[in-house]
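Trainee: Just passing along the structure, written as structure tokens.
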Amino acid sequence: MTRDPGSVVAGYDGSAEAAAAVRWAARYAWAAKRPLQVVHCSLWPLLTRHLGPVPGVSGSGLEQSAQAVLDEGVAQAVAEVQGVGIRSSLVHGLPAQLLVDMSAGEHLLVVGSRGLGGFLGLLVGSVSLELAAAAACPVAVIRQDAHPQGPVLAAVDSAGSPSALADACGLAVAWQAPLKVVHVHHEPSGHFRAARGPGPDPEQVLNAALAHAASLAPSVPVHGTLVRDHSVPHGILGAAGGARIVVVGSQGSGILRETIGSTAHAVLHRAPGPVLVSRHG
């Protein structure tokens, strides 16, 4: 994110999850010295042409209701952090499509996680997932912010995940927070282990990532962890305890590689705290 000159854009729909995302975005915008844009996407024009006020009823009407939701989102940001430059946008249409379009040239897109509750532990909603798969800038999906003083965790693959690592370094520098670099060495279980071909040395992968991180974020402590696990997402999540945010790349080698990658998909669904998916369109 150090390469991107744009704003922090936060989507707001009036939900508690979106309110948490706006507050998180306001704190990050202040730390990163970035402007904040709060966006509300109104669906009403897709459903009806009657958006105006009811005659004789002050403050009524669907368009006025949508504006009130947006104003509430801005108030959440103002109450959270003083001194952040804030602008607001009321747009009309499908949230995922509109926010993908708005993400071009921006620094970070921040959304809440509404999701499926406790069903199978899946927590991320369809709009958040679509944004993580299609946005033109990094996407932060915010849920419970249990460790606001914890380290930033960067998960790197065998190629070093340079974009994700750079984004994690940007977060760590903005917050002056420790950076934890994690590389999970995939070790298949059972008879699949013997079929594994040669690959990069995992310690060399981690050491190269640590050297790169130290050059990008010289003002913060950087340390690394090598995890050996039969599942890369499981290894990342196991190392993420106490992290304020988990940063993952947007590409992968699994069946979802055409969207965000199977690792990012799994981490987004199961991480208990905020997740940033590194995207650069």
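The values are calculated or read from the model by the stated rules, or taken from the named source; none is laboratory data. Just so we're clear, the structure is a prediction, and the values are computed from it rather than from any experiment. With ideal geometry, Cβ positions are generated from the backbone for all residues, glycine too; neighbour counts draw on all protein chains shown. The accessibility values were calculated without ligands, DNA or RNA, using every heavy atom of the protein model including side chains. Shrake-Rupley method; radii C 1.70, N 1.55, O 1.52, S 1.80 Å.
Trainee: For segment 131-143, what does the Karplus curve 6.51 cos²θ - 1.76 cosθ + 1.60, with θ = phi - 60°, yield as ³J(HN,Hα) per residue in whole Hz, taken in order and with x for Gly and Pro?
Mentor: 5, 4, 8, 10, 5, 9, 9, x, 10, 9, 9, 9, 10
Trainee: Quick query: amide H of A10 versus all other amide H atoms, modeled in the peptide plane; which residues come in under 5 Å with a sequence gap of 5 or more or a different chain?
Mentor: Residues meeting the criterion, in which the H sits 1.01 Å from N, are Q37, V38, V39, V110.
Trainee: Can I ask one more? Rolling a 1.4 Å sphere over the protein heavy atoms, what is the accessible area per residue of segment 152-278, to the nearest Å²? Please report the intermediate quantities before stating the final value.
Mentor: Details: 5620 Å² over 127 residues.
For segment 152-278, the per-residue accessible area is 44 Å².
Trainee: For a protection proxy built on the mean count of beta-carbon atoms within 10 angstrom, sort 16-29, 73-86 highest first, please. Intermediate values should be presented prior to the final figure.
Mentor: Details: 16-29: 23.3, 73-86: 16.5.
Packing order, densest peptide first, comes out as 16-29, 73-86.
Trainee: Also, quick follow-up: What size of dipole, in debye to the nearest 20, comes out for segment 152-278 about its Cα centre when the only charges are +1 on Lys and Arg C-beta atoms and -1 on Asp and Glu C-beta atoms? It would help to have the intermediate numbers written out before the result.
Mentor: Working: 7 positive and 7 negative charges, 42 e Å.
That gives a dipole near 200 debye.
Trainee: Search the structure for amide H atoms under 5 Å from the amide H of G224, placed 1.01 Å from N in the peptide plane, and list their residues when 5 or more places away or on another chain.
Mentor: V181
Trainee: Taking θ = phi - 60°, what integer Hz values does the Karplus form 6.51 cos²θ - 1.76 cosθ + 1.60 yield along segment 10-27, in sequence order, with x for Gly and Pro?
Mentor: 10, x, 9, 10, x, 7, 5, 5, 5, 4, 4, 5, 5, 5, 4, 4, 5, 5
Trainee: Among 264-276, 229-241, how do they line up from the highest to the lowest mean number of other beta-carbon atoms within 10 Å? Write out the running numbers ahead of the final one.
Mentor: Working: 264-276: 23.7, 229-241: 19.3.
The most tightly packed comes first, giving 264-276, 229-241.
Trainee: Then there is this: How high is the relative contact order of segment 152-278, in percent, counting Cα pairs under 8 Å that sit 6 or more residues apart? Display every interim value, and only then the final one.
Mentor: Values: 241 pairs, mean separation 37.4, N = 127.
Relative contact order for segment 152-278 comes out at 29 percent.
Trainee: In whole Hz, with x marking every Gly and Pro, tabulate ³J(HN,Hα) for segment 152-163 from phi via Karplus 6.51 cos²θ - 1.76 cosθ + 1.60, θ = phi - 60°.
Mentor: For segment 152-163, the Karplus-derived couplings read 7, 9, 10, 9, 10, 8, 5, 8, x, 6, x, 5 Hz, x marking Gly and Pro.
Trainee: Quote to one decimal, in nm, the extra length available between A214 and H147 on full extension: 0.36 nm per residue of separation minus the C-alpha distance between them. Show your work: numbers first, answer last.
Mentor: Values: separation 67, 0.36 × 67 = 24.12 nm, distance 2.31 nm.
My answer for the length gained is 21.8 nm.
Trainee: Just subtract the alpha-carbon distance of A79 and S126 from 0.36 nm times their residue separation and send over the number in nm, one decimal.
Mentor: Working: separation 47, 0.36 × 47 = 16.92 nm, distance 2.87 nm.
Between A79 and S126, full extension yields 14.1 nm more.
Trainee: Heavy atoms only, probe 1.4 Å: what % of the accessible area of segment 152-278 goes to carbon and sulfur, would you let me know? Numbers along the way, then the final one.
Mentor: Numbers: 3180 of 5620 Å².
For segment 152-278, the apolar C and S fraction of the accessible surface comes to 57 percent.
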